[in-house]
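Novice: Below are the structure tokens for one structure; questions will follow.
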Amino acid sequence: MRLDINTRGLQAVQRRIDALSAGGLQQAQVKAVNDVAYQNLRPAMAEEMRAVFDRPTAYILRSPWVQPATDARPYALVAPRDTRGGGVDPQKILDAQVWGGRRGDKRSEVALKRAGILPAGYQTAIPDVPFPGSEDGHGNLRGAFLVQVLSYLQAFGEQGRGHHINMKDKRKQAIEKNGGAKRRLVGPSIGRRYIVAYGKLRGGARWTAKGENDARASNLAPGIWAVVGRTGADIRPVVMFVKAGRYTPRFDMDKVASRAQLDEQLSRRMRYRIRQAAGV
């Protein structure tokens, strides 16, 4: 959002404006715009996110970034920005919320597609009852849990100097026996093995271990499942593969401007900055 200032209608301070040099007035305008950008508009964007989004992450809430006004460019820009680097651009996430359309892939979905596990045109959904230790409280897979699953499924390529981080047989056996509790990985000590099922998408399941109970996997809905225990009778969803989601517009910048009371705040800060510049 662009934040600019208009001095029309400020008759109460017109005499002060006339007493100022052109440079003094311009500096007062720049300071007033930046005051409102930082103190009102940016917090209002975060508050609107909390109001319309379901459990937004701190990363998204902190993403509004102020490009302050300057003498050469007397307006401020407030827009989402990737503040940590390497993540999904928050601007792309919010574009779908403002304008509607397909939502961008999450980092976990990018990783699953890169590994060839998540089919093109699909995204992930966490089950209504998340697998223990899998969810971060914001509707996303926990990073450590995702690494465990990808490593178990042998989905990583060579890293660094040719070393693999895919799980070795001994480690997989520990996961299958007790969930890897001795290594303090995420989740409770539930012995399990992971399988990838595609239903009709790819004509069956992708097996991670052989066994008579795996035949049931071909009837599972597309997604990653955990076969819990040694009998194979307890199969729980970990993450489901669903058609890419589409958003209807929800994040309304007009509501943000109203929440921030931009007109009123700009007038107040402009009067203050003009009095400050005039020395009164």
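Novice: Scan the range 59-74 and give yes if some residue there is at pLDDT below 80 and aromatic (Phe, Trp, Tyr), otherwise no.
Specialist: yes
Novice: Among the residues of the range 192-229, write down those that are assigned to a loop (DSSP other than H, G, I, E, B) and at pLDDT 85 or above. Working first, answer last.
Specialist: Restricting attention to the range 192-229, the residues satisfying the condition of being assigned to a loop (DSSP other than H, G, I, E, B) are 198-204, 207-211, 220-222, 229.
Of everything in the range 192-229, those that are assigned to a loop (DSSP other than H, G, I, E, B) and at pLDDT 85 or above turn out to be Tyr198, Leu220, Ala221, Pro222.
Novice: Residue by residue through the range 256-280, note down the ones that are surrounded by fewer than 16 Cβ atoms within 10 Å (Cβ to Cβ) and at pLDDT below 80.
Specialist: Gly279, Val280
Novice: With the requirement that a residue be at pLDDT 85 or above and more than 14 Å from Ile224 (Cβ to Cβ), what does the range 143-166 give you?
Specialist: Ala144
Novice: What is the number of the single condition among (1) out of contact with any helix residue (DSSP H, G or I) (no Cβ under 9 Å at 6 or more places or on another chain); (2) in a helix (DSSP H, G or I); (3) free of Cβ contacts under 8 Å to residues at least 24 places away in the same chain that Phe145 does not meet?
Specialist: Condition not satisfied by Phe145: (3).
Novice: Among the numbered criteria (1) in contact (Cβ under 8 Å) with a residue 12 or more places away in the chain; (2) assigned to a loop (DSSP other than H, G, I, E, B), which single criterion is violated by Asp128?
Specialist: Against the list (1) in contact (Cβ under 8 Å) with a residue 12 or more places away in the chain; (2) assigned to a loop (DSSP other than H, G, I, E, B), Asp128 comes up short only on (1).
The values are calculated or read from the model by the stated rules, or taken from the named source; none is laboratory data. Predicted, not measured: the structure shown is a model, and the values here were computed from it. When we count neighbours, we look across all protein chains shown, and the Cβ atoms used for this are built from the backbone with ideal geometry, even at glycine.
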